[in-house]
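Each reported figure results from applying straightforward, stated rules to the coordinates on display, with no laboratory input. As the structure is a prediction and not an experimental result, all values here were calculated from the model. FYI the Cβ positions are ideal-geometry reconstructions off the backbone, even for glycines, and counts take in every protein chain you see.
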Amino acid sequence: MQTYGWLIYNGGLRSPKYMELNELYAHAAKKLGITLELIANNEIYCFIEAGETIIKTPTASQKPDFILFLDKDIRLAKQLEKLGYRLFNSREVIENCDDKILTFQVLANAGIKMPKTLFSAMLFNGTGSGKADLGFTKMIEETFGYPLVIKEAFGSFGAQVYLIHNREELMAKQKELLYTPHLYQEFIASSKGRDVRIYVVGDQVVASMYRFSDSDFRANISNGASMAPYVPNEAFCQLAIKATKELGADFTGVDLLFGENDEPILCEVNSNAHIKNIYDCTGIDVAEAIFKHILEVLSHA
């Protein structure tokens, strides 16, 4: 009997760029004999009726054997899991990867090398003085010195990551982000403008690429960085695999920095890393590896 699944994507992202990604997955599924239906998250309606969770979707033809969840709608993901659907990745994995603060908390104490990190306090909008706390500013300076990195807890493509050079910039960004969850990190100067993106599926590294920029401290392709095929050494591979396992993920895109001795340092983990750039860079179809993993998991369910 042919395997049938749903790919859930965000209904607000229907530009050619994002729909092309969905079609790449659909093409890979078809090659493996999987029928994959593309469904936007706003095409699935979540109800609580008589105290029970239900969903209604006018677009789906039948109940899926699995769901490839490529969105960050964790409430929908939770609803689906309560109904017994198997999600790849799970709601918990998506939530822990989407929130950079949670990512570092989950991976702490696991022997994974990562930058020194300080989390912002949670404050309610409109409360307090509305100004940066000078005591906290001094602690940040004493902990990290300059330059240092500030990251918003939620963000993509490096757009919410800032390099801070002095107190004036620090206090301005503290005030701007006062009510926005964010974190402070040491700047890994040895990795300025370069990192490695490693794709892990199951417990295997399936593809990787080197990303580099001469004009930006970030190495995001969307910010103008370049990319090249890359063969990571064992240390890079093992760190990426360990981070994936610690998060309980089926697949990830792990971004690693270069330490002073070129040792790997965790930057972040993506639960639904885009697969177009890695395909263009290496010719490796990560989607096919993901579907092979899904079929393997289903065969042992």
Between Gln62 and Phe154, Cβ-based FRET efficiency (R0 45 Å, step 0.05) works out to 0.85
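For Thr53 and His165 in the same chain, what is the full-extension length gain: residue separation times 0.36 nm, less their Cα-Cα distance, in nm?
35.3 nm
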Taking the chain and counting helices only, DSSP H stretches of n ≥ 4 at -39,500 (n - 2.57) each over all residues, the nearest-500 ellipticity at 222 nm comes to -9500 deg cm²/dmol
Expected vector for the range 277-284, Karplus 3J(HN,Hα) from phi with 6.51, -1.76, 1.60 and θ = phi - 60°, integer Hz, x for Gly and Pro, equals 4, 5, 5, 4, 7, 10, x, 8
Taking every DSSP bridge whose two residues both lie in the chain, the antiparallel percent to the nearest 5 is 75
The helix 286-299 Cα axis meets the longest alpha-carbon principal axis of the chain at an angle in degrees, between 0 and 90 and rounded to 10, of 60
The helix 16-31 Cα axis meets the longest alpha-carbon principal axis of the chain at an angle in degrees, between 0 and 90 and rounded to 10, of 50
All alpha-carbon distances of the range 35-159, grouped into 10 Å bins from 0, give the whole-percent distribution 9, 29, 26, 20, 13, 3
Rounded to whole angstrom, the alpha-carbon centroid of the range 4-24 lies from that of the range 113-161 at a distance of 33
Averaged over all viewing directions, the convex hull of the alpha carbons in the chain casts a projected area in nm² of 18.0
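Which order do peptides 247-258, 135-146 fall in by mean Cβ count within 10 Å, highest first?
Values: 247-258: 22.7, 135-146: 13.7.
In decreasing order of mean packing, 247-258, 135-146 become 247-258, 135-146.
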For Phe119 and Tyr279, extending 7 Å from Cα along the Cα-Cβ vector and measuring point to point gives, in nm, a value of 3.7
By the mean-Cβ-within-10 Å protection proxy, highest first, 101-111, 180-190 rank as 180-190, 101-111
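Between Leu32 and Lys173, take the C-beta separation as r, use R0 = 51 Å, and let me know the FRET efficiency to the nearest 0.05.
Values: r = 47 Å, r/R0 = 0.91.
The calculated FRET efficiency here is 0.65.
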Given pairs Lys82/Lys173; Lys72/Lys245; Lys17/Lys100; Lys78/Lys173; Lys30/Lys78 and cut-off 30 Å on Cα-Cα distance, the over-length ones are Lys82/Lys173; Lys78/Lys173
